[in-house]
Amino acid sequence: MKRLVLAGMMLATSFLGANAEVDPNFHIYLCFGQSNMEGNAQWETIDNKYVDPRFQMLATTKFDNPKRTMGQWYTAFCPIVSPMGKLGMADYFGRTMVAAMPADVKIGVVAVAMGGSPIEMFDKDKYQSTIAANSKEWYVTLAKNYYGGNPYKRLIDMAKKAQEVGVIKGILLHQGESNNTQQDWPNKVKKIYNDILKDLGLEAKDVPLFAGETEYQDQGGACYGHNAVIARLPQVIPTAHVVSAKDVPGNGNDPWHFSASGYRIMGKRYAYETLKVMGMEPKADPEYNMPDNLRVFLEVSRLNDVGDVQMNMGTKKTVNVKAVFADGHTEDVSEYVRLVVPDFMTADRNTLSAKEEGEGTVTVEYTDFTGKTQSTSFQVKSLDPAKNDVLVVNGGDAGKAIGDKLCRTTLIEPLTQGKTYVVKAKIKAENSGTCALWLVWSDSPNKDNDGNSKDIQKQTGYKVTQTFKNFSWEFTAKYPHDKLQFAFGQLRGNVFFDDVTCVEKGTSKEMVANGHFDSDDLSMWEVIGAAPLTMVVEKEFASGIENVREDGFAKSNDIFDLQGRKVASPARGIYIQNGRKFVVK
């Protein structure tokens with residue numbers, strides 16, 4: 001460790017030398033934006049336990065704690081953007097880049113960022129009017145206290161100082177919350193980008209722009225709508241690249257900022273995108289002696305189960321893969337996996353394509369940044385849609401209550417109380433409406449006046465449409481249920497079921513007999529209703545249109561082909577009448 005500290009001191013000293021020459025292997029990245037670039041999460045012990053001295057920050061303002069002088073280089077311990085900043089985007093960007101690059105390459109960041117600042121604060125022609133119109137805003141105070149009231153000029157001045165010792169290789173941007181969904185945002189960024197290039201004598205082809213997405217809605221983000229605007233940036237700036245924030249956790253306290261784990265992930269993703277643009281794989285240099293506090297963040301312990309896949313021949317299916325890392329955090333790694341597929345399929349990264357019918361095993365392989373490979377596997381089935389069998393229940397008129405019509409299957413064996421199960425099904429109907437799933441314990445001692453069990457579990461409110469939708473319900477069995485039933489009493493017309501399964505979580509133990517309806521054997525199935533119901537297994541042919549409607553109901557006489565054209569005298573082929581498909585041979 002003494003040797004490492006000494007090396008770091010020598011490295012810093014070389015940067016401070018008055019007669020320092022430009023080192024082509026000192027790669028410098030400019031960083032600007034608002035609070036997520038400034039850093040909003042308190043760093044943890046693991047973050048400042050060790051930072052490679054090859055990762056340097058240029059102080060763009062005066063720091064009191066730790067003591068730093070503006071215009072001087074320092075090993076990039078947190079905070080690296082401003083005295084107000086915390087853990088942010090640039091921290092693990094630099095750490096990851098250093099680990100990936102050869103030993104003679106150093107990484108430096110020059111960052112100017114202020115919480116809450118709109119993009120106009122970095123426009124050298126508009127920052128003054130922006131300050132004048134928002135004089136009481138916190139970002140204006142930060143700009144005056146840290147950057148002399150002109151953030152753009154400070155960035156350029158410090159970038160020119162950095163050019164005395166290194167080469168600017170890229171620009172990192174994270175901003176948008178204060179310009180949320182503004183459609184002209186890409187053009188505003190383009191002006192600032194072009195101004196930076198011109199003022200520093202740079203060429204766009206040599207200095208790409210990397211812009212990070214804002215927090216997603218499912219992670220609690222309030223500005224997720226801006227991601228559609230960020231997505232247009234490469235159309236406006238050909239050398240711009242978008243860094244995904246998909247599945248990156250927010251801090252749980254406000255709807256704008258990421259957690260410490262989220263900043264680590266985003267920083268790494270900035271690095272991965274940068275390496276990709278450089279034509280390099282996101283892997284550590286084989287000779288790099290990776291510190292333990294970085295290794296646990298970059299090394300994968302296992303891949304989560306993917307779940308079995310069923311798809312139609314001629315279609316594609318995107319496989320989502322998540323990895324659990326050594327420090328316990330989980331990330332989506334779908335973009336970087338390799339799929340080993342059976343002969344009837346092909347794969348492009350994480351996308352499956354089914355060429356023919358078949359059933360087999362897909363192996364998922366992921367090599368993490370440290371070079372360690374993990375794998376998992378799942379079953380895949382490819383079906384010819386023209387041969388797919390479904391259960392068709394003739395529902396007749398709509399009832400008054402959802403329980404007026406039921407489609408029920410007796411499970412192969414009762415569920416085990418306390419165990420977790422997953423029920424899946426594909427359902428559609430001739431007329432849209434609502435369906436519920438009920439689990440029933442036939443031998444329950446707790447009965448109502450009609451002799452029906454009161455000990456049930458329900459999952460209500462599934463919206464059924466005229467096209468098949470996937471339904472899923474994960475639950476822990478409260479009773480030894482022996483029947484699974486679908487309640488659709490308020491639906492009018494036929495209801496279609498396919499791929500009904502009930503599997504104990506973490507196993508392949510199937511509880512539903514003939515749930516894919518590959519057989520005509522319906523001995524474990526029944527339909528119950530106030531009016532007589534019928535059920536039959538029929539072929540579900542592929543169709544270019546949905547059921548033909550008029551005022552919400554199927555036409556009674558007209559015949560259509562699969563392109564939706566009315567046919568007077570059908571020849572051989574597949575046609576639709578009364579919302580149902582039939583074959584003319």
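When only residues in the range 352-403 that are open to solvent by 30 Å² or more (accessible area, probe 1.4 Å) and touching a helix residue (DSSP H, G or I) at 6+ places or on another chain (Cβ under 9 Å) count, which is farthest from Lys322 (Cα to Cα)?
Ala398
Given the options Gly279, Gly371, name the one that is free of Cβ contacts under 8 Å to residues at least 12 places away in the same chain and out of contact with any Leu (no Cβ under 6 Å at 6 or more places or on another chain).
Among Gly279, Gly371, only Gly279 is free of Cβ contacts under 8 Å to residues at least 12 places away in the same chain and out of contact with any Leu (no Cβ under 6 Å at 6 or more places or on another chain).
Between a first residue in the range 419-434 that is over 21 Å from Ala398 (Cα atoms) and a second residue that is in a strand (DSSP E or B) and aliphatic (A, V, I, L, M), which pairs have beta carbons less than 6 Å apart while being 6 or more apart in sequence or on different chains?
Matching pairs, first to second residue: Val422/Val503; Ala425/Val500.
From the residues in the range 74-119 that are among the aromatic types (Phe, Trp, Tyr) and open to solvent by less than 10 Å² (accessible area, probe 1.4 Å), which one is farthest from Asn293 (Cα to Cα)?
If we take residues in the range 74-119 being among the aromatic types (Phe, Trp, Tyr) and open to solvent by less than 10 Å² (accessible area, probe 1.4 Å), then Phe93 is farthest from Asn293 (Cα to Cα).
Examine the range 217-235 for a residue that is at pLDDT 95 or above and either of a type in the set (Ser, Thr, Tyr) or on the phi > 0 side of the Ramachandran plot (or both), and state whether such a residue exists.
Checked the range 217-235: no residue is at pLDDT 95 or above and either of a type in the set (Ser, Thr, Tyr) or on the phi > 0 side of the Ramachandran plot (or both).
Would you tally the residues in the range 231-245 being under 16 Å from the mean Cα position of the chain (by Cα), surrounded by 15 or more Cβ atoms within 10 Å (Cβ to Cβ) and over 18 Å from Asp206 (Cα atoms)?
3
Filter the range 420-469 down to residues that are of a type in the set (S, T, N, Q), modelled with pLDDT under 85 and open to solvent by less than 70 Å² (accessible area, probe 1.4 Å) and give me whichever is farthest from Ala487 (Cα to Cα).
Top of the filtered list is Ser453.
So, in the range 174-187, exactly how many residues are touching a residue at least 24 places away in the same chain (Cβ under 8 Å) and surrounded by fewer than 19 Cβ atoms within 10 Å (Cβ to Cβ)?
Qualifying residue count for the region: 5.
Pick out the one residue from Ala211, Ala143 that is surrounded by 15 or more Cβ atoms within 10 Å (Cβ to Cβ), of a type in the set (A, V, I, L, M, F, W, C) and in a strand (DSSP E or B).
Ala211
Only one of (1) open to solvent by less than 60 Å² (accessible area, probe 1.4 Å); (2) under 16 Å from the mean Cα position of the chain (by Cα) fails for Asn293. Which number is that?
Condition (2) is where Asn293 drops out.
With the range 245-319 as the region, which strands (runs of 3 or more DSSP E) entirely inside it contain at least 2 residues that are modelled with pLDDT of 95 or more?
Here the list reads 300-303.
So the check is Cβ under 7 Å with 6+ separation or different chains; which pairs have a first residue in the range 490-516 that's closer than 16 Å to Thr434 by Cβ and a second one that's among the aliphatic types (A, V, I, L, M) and open to solvent by 30 Å² or more (accessible area, probe 1.4 Å)?
Correct list of pairs: Gln490/Ala398; Gln490/Ile402; Leu491/Ala398; Arg492/Ala398.
Of everything in the range 326-343 that's at pLDDT below 95 and among the small types (Gly, Ala, Ser), which residue is least open to solvent (accessible area, probe 1.4 Å)?
Per the criteria, the residue is Ser334.
Pick out the one residue from Thr409, Thr346 that is assigned to a strand (DSSP E or B), hydroxyl-bearing (Ser, Thr, Tyr) and surrounded by fewer than 17 Cβ atoms within 10 Å (Cβ to Cβ).
Thr346
Within the range 191-207, identify whether any single residue is within 28 Å of Gly108 (Cα to Cα), among the small types (Gly, Ala, Ser) and surrounded by 19 or more Cβ atoms within 10 Å (Cβ to Cβ), and answer yes or no.
There is no residue in the range 191-207 that is within 28 Å of Gly108 (Cα to Cα), among the small types (Gly, Ala, Ser) and surrounded by 19 or more Cβ atoms within 10 Å (Cβ to Cβ).
The values are calculated or read from the model by the stated rules, or taken from the named source; none is laboratory data. The model shown is predicted, which means the values in this text are computed figures rather than measured ones. Ideal geometry is used to build each Cβ from the backbone, glycine not excepted, and the neighbour counts take in all protein chains shown. Protein only, heavy atoms only, side chains kept; ligands, DNA and RNA dropped before computing areas. Shrake-Rupley method; radii C 1.70, N 1.55, O 1.52, S 1.80 Å.
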